[in-house]
Amino acid sequence: MHLTSAVTFVSDLDRSVAFYCDLFGLTCAILDESAALLVGPENCELYLRGKHAQPSRVLGSVGIQYLMWSAESAEEFQRCEEALRRESIHVRRERLDDFEILEGRDPDNLPIMIAFPGPDESERHAIMPRIYSW
């Protein structure tokens, strides 16, 4: 079992398509006036739905807080950091055990987290301290 798709509501569809394609190296497979389907390696999918700006849900409330992605290589991890820094001034990089976590924000200020190496290459030995800060 593995996660295949995620859906994110965004305030500016074109801006978010460009951001996520740049950040994750995705390709826009389908684009209409209010939604886009971005696809990546091994058919991972990210659906973006353009919505008018609405009050955002507070971090720490019930529900998914964010998804964590994993980079396939150190070069890809570095490329993701550069892409996040172009969009957000709030980018954090930290080392935990034998992996690194990169945290930034998308154009709608939603949290983005990327790990390297992924859990299939680096066993996790403790709960990530970051989740206790909400």
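So here's what we get for this one:
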{"item": "Net charge over other residues, Cβ less than 13 angstrom from the Cβ of Glu123 (K, R count +1; D, E count -1)", "result": "-3"}
{"item": "Degrees between helix 74-87 axis and first principal axis of the chain (Cα, 0 to 90, nearest 10)", "result": "50 degrees"}
{"item": "The chain - accessible surface per residue (Å², probe 1.4 Å)", "result": "64 Å²"}
{"item": "About the Cα centre, charge dipole magnitude for the chain (Lys/Arg +1, Asp/Glu -1 at Cβ), debye", "result": "620 debye"}
{"item": "Protein accessible area in the chain, 1.4 Å probe - carbon and sulfur %", "result": "54 percent"}
{"item": "Answer label, with Cα extents along the principal axes in Å calculated from the coordinates and candidates (i) 44, 33, 32; (ii) 38, 34, 28; (iii) 44, 27, 23", "result": "(i)"}
{"item": "Environment charge at Ile112 (Cβ cut-off 10 Å; Lys +1, Arg +1, Asp -1, Glu -1)", "result": "-2"}
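The values are calculated or read from the model by the stated rules, or taken from the named source; none is laboratory data. Please read all numbers here as calculations on a predicted model, not as lab measurements. When we count neighbours, we look across all protein chains shown, and the Cβ atoms used for this are built from the backbone with ideal geometry, even at glycine. Note: accessible area is taken over every heavy atom of the protein model, side chains too, but ligands, DNA and RNA are not part of it. Shrake-Rupley method; radii C 1.70, N 1.55, O 1.52, S 1.80 Å.
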